[in-house]
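To keep things clear, I will list the structure first and then write my remarks on it.
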Amino acid sequence: MSDDRGLRAWRETDPAAWNRFVESAPYHAFPQLWEWGEVRAMGGWRPIRLAIGPSRDAPIAGAQLLLRALPVIGWNLAYVPRGPVGELDDPDVRAALVAALRSLGAAERIATVRADPEAQPDTPYGRALLGAPWRAAPKIQPPTTRVIDLAPGADALKASLKRKHRQYVNKAERSGITIERFDGSTPAEVIGPALDDFNRIYQHTAARAGFVARQAFYYERVWSIFAPTGRVRLSFAVRDGERVAVLFHFTCGDRAVESYGGMTDAGADARANYLLKWTAISDFASEGFAVYDMWGLATGGIRQFKEGFGGEEIEYVGARDLPLRAPIDAALRVAIPAYGLVQRARLFVTGGDRHPPTDAA
């Protein structure tokens, strides 16, 4: 398919080419990386990477869609986690992408595409998503987050911490808390026990904070798929030889994202999470990353905890639906709520837990 500007659409089948595009594209986010589709494929989703551009070696926009078949009726729902991405402030590019999604919908029997991009309402892309042919959809990913511009460097960023946060960081460091770091190069015999400790701490945090964490094998699978690419990190705060707080990060281009995290009661008492988060911010700044994303904002103490590290609160447009087959789409809008909250979560949640906090203040 091509449009009047010479833009054509294709299904990208080269993981390296797709990831190069995603990481350099405007509005990029780690759930659009090839590996995220592979993670979800193991959970019953079928990923398709749709690109548009003047030629196959020059994509300018695209979307990784995750398809799931609806029972009985033979149609598919499609979800685009934190996408589409690309030069979507351009109305011609947006129109070409919508046309490509419609063509894909006809080929794959997709009734509705649900998108959840990192687009703010005051951008051209965000404003376009708030009108036809898009419509509002139920929340999936956190619509609000806090991001830190890492360009000023570690010294300036530490000076901008709230006074209490800076005190707690320094106190935790003086008390002897140390930081352990793991990445994709960590040997299997080392990362295995570390992931066990991650799951122990994360399950404890989930029980305390009231969200549902996935089973341990899920996070092990995420690590095994992302580790070879170098786009995943795990870090712990350690007190008296015990791991008492943890953060799990993804990277995508110039962005670092804290996706999962938690701490034990001992970690809370020692303010270990303050030192752990600050060290992560400092590390990524020192490595040349441009943005640190805290991935969602809960209310109350967790929100205040994150605010103390500086940065800017960002609000996205939220989930949006692109209906592709009006009769089927209309029927689904009536039928899907009948499945209940559990079934809707099964259909649409694509990898994060149900908006868990990444820290407990």
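Read-outs throughout are calculated quantities, based only on the coordinates presented, and are distinct from any laboratory measurement. Owing to the predicted nature of the structure, the values given are computational and were not obtained by experimental measurement. Cβ: placed from backbone, ideal geometry, glycine included. Neighbour counts: every protein chain shown.
Between the Cα long axis of helix 326-335 and the first principal axis of the chain there is an angle of about 40°, rounded to the nearest 10. Between 0 and 90 degrees, the angle of helix 15-24 with respect to the longest Cα principal axis of the chain falls at about 70 degrees. Based on the Kirkwood radius over alpha-carbon pairs, what value in µm²/s does the Stokes-Einstein equation return for the translational diffusion coefficient of the chain at 20 °C and 1.002 mPa s? Translational D for this selection: 101 µm²/s. Ordering Val85, Ala61, Ala132 by Cα displacement along the dipole of region 48-136 toward the positive end leaves Ala132 in first place; charges were set at the Cβ atoms of Lys, Arg (+1) and Asp, Glu (-1). 3J(HN,Hα) along region 167-175, derived from phi through the Karplus expression 6.51 cos²θ - 1.76 cosθ + 1.60 where θ = phi - 60°, amounts to 5, 5, 4, 5, 5, 4, 5, 5, 6 Hz, with x in place of Gly and Pro. Coupling constants for region 285-295 follow from the phi torsions by the Karplus curve (6.51 cos²θ - 1.76 cosθ + 1.60, θ = phi - 60°), and in residue order they are 4, 5, 7, x, 5, 8, 9, 10, 10, 7, 6 Hz; glycine and proline get x. Put simply, the amide H of Gln141, placed in the peptide plane, has no neighbours under 5 Å, leaving out anything fewer than 5 places away on its chain. Summarising the label geometry, the points placed 7 Å from Cα in the beta-carbon direction at Arg181 and Asp240 lie 2.8 nm from one another.
Each peptide among 268-275, 243-250 gets the average number of other Cβ atoms lying within 10 Å of its residues, and from highest to lowest they stand as 243-250, 268-275.
Quick one: net charge around Ser224, please, counting Lys, Arg +1 and Asp, Glu -1 for every other residue with C-beta under 11 Å from its C-beta.
-2
Angle of helix 216-226 to the longest C-alpha principal axis of the chain, folded into 0 to 90 degrees and rounded to 10: 70°. Look at the alpha carbon pairs under 8 Å that are at least 6 residues apart: their mean separation over the length of the chain gives a relative contact order of 22 percent. Karplus-derived 3J(HN,Hα) values for region 105-110, using 6.51 cos²θ - 1.76 cosθ + 1.60 with θ = phi - 60°, are x, 5, 6, 10, 6, 9 Hz; glycine and proline are entered as x. By the rule of a C-alpha distance below 26 Å, with chain neighbours fewer than 8 residues away ignored, the lysines paired with Lys277 are Lys158, Lys162, Lys164, Lys171, Lys306.
Taking packing as the residue-averaged number of other Cβ atoms within 10 angstrom, the listed peptides 307-315, 182-190 run from highest to lowest as 307-315, 182-190.
Here the Debye sum runs over all C-alpha atoms of region 145-314 as equal scatterers in vacuum, and log10 of I(q)/I(0) at q = 0.11 Å⁻¹ comes out as -0.42. The Cβ shell under 15 Å around Val190 holds other residues with a net charge of -3, Lys and Arg each +1, Asp and Glu each -1.
Simple point charges give the picture: +1 on the Cβ of Lys and Arg, -1 on the Cβ of Asp and Glu, and for the chain a dipole about the Cα centre of about 1020 debye. Could you tell me how far the Cα centroid of region 31-77 sits from the Cα centroid of region 133-156, in Å? Cα centroid to Cα centroid, the span is 22 Å. Express in whole angstrom the spacing between the alpha-carbon centres of region 195-268 and region 286-326. That distance is 18 Å. Across region 16-132 the C-alpha pair distances fall into 5 Å bins from zero in the proportions 2, 12, 23, 25, 20, 12, 5, 1, 0 percent. Projecting the Cα atoms of Ala285, Asn170, Ile201 onto the charge dipole of region 145-314 (Cβ charges, centred on the Cα centre) puts Asn170 farthest toward the positive pole. Remark: relative contact order (region 171-293) = 28 percent; criterion is Cα-Cα distance under 8 angstrom and separation of 6 or more residues. Around the Cα centre of region 155-279, unit charges on the Cβ atoms of Lys, Arg, Asp and Glu (plus for the first two, minus for the last two) sum to a dipole of about 640 debye.
Amide hydrogen proximity for Leu297: with H placed 1.01 Å from N in the peptide plane, the residues at 5 or more positions away or on another chain lying under 5 Å are Thr144.
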